[in-house]
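The values are calculated or read from the model by the stated rules, or taken from the named source; none is laboratory data. Remember, it's a predicted structure, so these values are computed and weren't measured experimentally. Don't worry about glycine lacking a Cβ; one is built from the backbone with ideal geometry, like all the others, and counts go over all protein chains shown. These area figures cover heavy atoms from the full protein model, side chains too; ligands, DNA and RNA do not enter into them. Shrake-Rupley method; radii C 1.70, N 1.55, O 1.52, S 1.80 Å.
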Amino acid sequence: MFKLGFRKKIKQKDYQRFSPPGAAPGTLVPAPDSEKPVIRILAYGESDLLENEIENVSDINELIEHWPVTWIDVSGLGDVKVIRQIGNICNLHRLALEDVVTTDQRPKVEEYENDLFLVIRMLEAMDMSLAIDQLSMFICQDYIVTFQSTRSDCLDPVRDRIKKGRSKVRKSGADYLAYSIIDAVIDAYFPVLEEYGKKIEALEDRILENPESHMITEIHEIRRDLLVLRRNIWPVREVLTSLTRETYPTISEETRIYLRDCYDHALRIVDLIESYRLTCKDLMDLYLSL
């Protein structure tokens with residue numbers, strides 16, 4: 001389990017544009033250090049399941065036609081040809097594909113003719129530290145397509161529920177799978193914030209017992225990390241507001257009810273972050289007064 005006491009700062013890449021100025025809309029230029037795509041498939045119905053990694057992108061078309069729900073999960077954005085092929089088979093808009101490979105997008109939701117395109121920021125544990133990755137998701141009628149930079153993610157609980165076959169996700173459509181993924185991404189913030197809460201509480205006790213100069217640095221680091229978390233979760237409220245209030249062809253009324261629960265979780269996370277930031281300010285005042 002991730003432990004805050006053994007971590008470095010939260011890693012988040014600074015903005016860097018790789019496509020040349022004036023490039024045509026829909027130009028795909030991934031980062032030079034992007035990993036080669038790995039395509040994982042989870043296709044299922046209420047009683048059947050297929051889990052596989054595929055190398056031939058053309059196999060996707062048959063899977064979509066055969067299975068009630070198909071999850072096409074692409075890890076790695078380093079091969080533009082593969083991404084274009086997936087886009088052509090799944091009828092994904094090229095402007096949205098450009099956003100997929102430009103991995104500093106603000107969380108958002110956009111409607112296209114054939115699908116709903118969503119961007120959300122995902123926490124992932126890496127080498128005893130945390131990184132923030134962009135999860136891009138296309139919600140279609142009978143399938144979803146997700147893209148992320150690396151294979152490390154927080155979505156294993158969703159995969160496990162699908163494999164066990166006893167959960168609601170196996171009896172529902174692609175929109176409920178999309179909800180489950182969004183819910184897993186948002187809920188991954190809670191254990192991280194729990195670790196911050198413990199560290200802040202321990203830091204307060206140490207300041208009261210014996211204030212030392214290095215503690216001011218610890219307070220600054222916590223405040224910085226909380227600001228990074230806030231910057232990534234704050235826009236998610238707008239995304240979920242749109243998903244719960246607007247009518248989209250690929251989102252059922254029942255799933256919108258579940259998405260309201262995601263919205264509530266996002267608000268709780270924002271409240272926790274704001275509370276911890278205020279506590280850090282109080283700790284700073286306490287340290288200076290002592």
*asked:* Just checking, does region 168-182 include any residue being touching a residue at least 40 places away in the same chain (Cβ under 8 Å), of a type in the set (V, I, T) and in contact with an Asp or Glu (Cβ under 8 Å, 6 or more places away or on another chain)?
replied: no
*So which residues in region 164-175 are exposed (fewer than 13 other Cβ atoms within 10 Å of the Cβ) and more than 19 Å from R256 (Cβ to Cβ)?*
K164, R166
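Check E254, E218, E212, E238 and return the single one that is charged (D, E, K, R) and not in a helix (DSSP H, G or I).
E212
Quick check, is L259 buried (at least 16 other Cβ atoms within 10 Å of the Cβ), touching a Ser or Thr at 6+ places or on another chain (Cβ under 7 Å) and either outside any helix (DSSP H, G or I) or at pLDDT 95 or above (or both)?
Numbers: buried (at least 16 other Cβ atoms within 10 Å of the Cβ): yes; touching a Ser or Thr at 6+ places or on another chain (Cβ under 7 Å): yes; either outside any helix (DSSP H, G or I) or at pLDDT 95 or above (or both): yes.
Yes.
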*If we scan region 144-155, do we find a residue that is open to solvent by 20 Å² or more (accessible area, probe 1.4 Å), farther than 25 Å from W234 by Cβ and in a strand (DSSP E or B)?*
no
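Conditions (1) under 24 Å from E110 (Cα atoms); (2) at pLDDT 95 or above, marked per residue:
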residue: L42; (1), (2): no, yes
residue: S47; (1), (2): no, no
residue: E55; (1), (2): no, no
residue: S58; (1), (2): no, no
residue: I64; (1), (2): yes, no
residue: D73; (1), (2): yes, yes
residue: K81; (1), (2): yes, no
residue: R94; (1), (2): yes, no
*asked:* Quick check on region 117-135. Is at least one of its residues of a type in the set (S, T, N, Q), buried (at least 23 other Cβ atoms within 10 Å of the Cβ) and touching a strand residue (DSSP E or B) at 6+ places or on another chain (Cβ under 8 Å)?
replied: yes
*Could you please let me know if E194 is of a type outside the set (S, T, N, Q), part of a loop (DSSP other than H, G, I, E, B) and free of Cβ contacts under 8 Å to residues at least 12 places away in the same chain?*
no
_For a quick check of your reading of the model, give me the residue pairs whose first member lies in region 226-239 and is more than 14 Å from L118 (Cβ to Cβ), whose second is hydrophobic (A, V, I, L, M, F, W, C) and assigned to a loop (DSSP other than H, G, I, E, B), with beta-carbon atoms closer than 9 Å and at least 6 apart or on different chains._
V228/I10; L229/I10
